[in-house]
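Student: Handing you this structure, nothing more for now.
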Amino acid sequence: MKFTAVFAALAAFAVTKVSANASLVREFDALGATDQGALHTCLNNYRTDNWDGMDCGGRGWFKGTHKYKSPENCYDACAGLLVAAIDRGASDVECDDNEGSARCWMGFH
């Protein structure tokens, strides 16, 4: 039981550390209604080892970098913010994460 509590605390700390510098830099709902379920599914499938874009859920998804090493870390930093934006009905969102001189961005429009 103690091991589980310690592991949960360490996992929460790791997630906080990874996403501490992430922020939404754009959030609009002006592009029309969204299928929130489809966008959640798209986001769940977007934690891939690439920087490519995709079309999913009626939106164009993007993930890019300037010196940022890992697309998975970018996803981990931004996913929670994107989930919240989807839940609010956003149709155009960008999250940026800055780690020193490295930067990544991801979202959909």
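Student: Kindly list the number of the only condition in (1) open to solvent by less than 70 Å² (accessible area, probe 1.4 Å); (2) in contact with a Lys or Arg (Cβ under 9 Å, 6 or more places away or on another chain); (3) not in a loop (DSSP other than H, G, I, E, B) that fails for Leu24.
Tutor: The number of the failed condition is (2).
Student: While we're on this one: Identify all residues within the range 62-109 that are more than 17 Å from Ala30 (Cβ to Cβ), in contact with a helix residue (DSSP H, G or I) (Cβ under 7 Å, 6 or more places away or on another chain) and of a type in the set (A, V, I, L, M); write none if there are none.
Tutor: Hits for the range 62-109 are Ala77, Ala79, Leu82, Val83, Met106.
Student: Starting from the range 34-62, take each residue that is among the aliphatic types (A, V, I, L, M) and list its partners that are in a helix (DSSP H, G or I) and at pLDDT 90 or above, counting only C-beta distances under 8 angstrom and pairs at least six apart or across chains.
Tutor: Leu39/Ile86; Leu43/Ala79; Leu43/Leu82; Leu43/Val83; Leu43/Ile86; Met54/Cys42
Student: Determine, yes or no, whether Asp76 is charged (D, E, K, R), modelled with pLDDT under 90 and open to solvent by 10 Å² or more (accessible area, probe 1.4 Å). Give the derivation first.
Tutor: Numbers: charged (D, E, K, R): yes; modelled with pLDDT under 90: no; open to solvent by 10 Å² or more (accessible area, probe 1.4 Å): yes.
The answer is no for Asp76.
The values are calculated or read from the model by the stated rules, or taken from the named source; none is laboratory data. What you are looking at is a predicted structure, and each value in this text was computed from that prediction instead of being measured. Glycine gets a Cβ as well: all are built from the backbone with ideal geometry, and neighbour counts include every protein chain shown. Heads up: the accessible areas ignore ligands, DNA and RNA and are worked out on the full protein's heavy atoms, side chains in. Shrake-Rupley method; radii C 1.70, N 1.55, O 1.52, S 1.80 Å.
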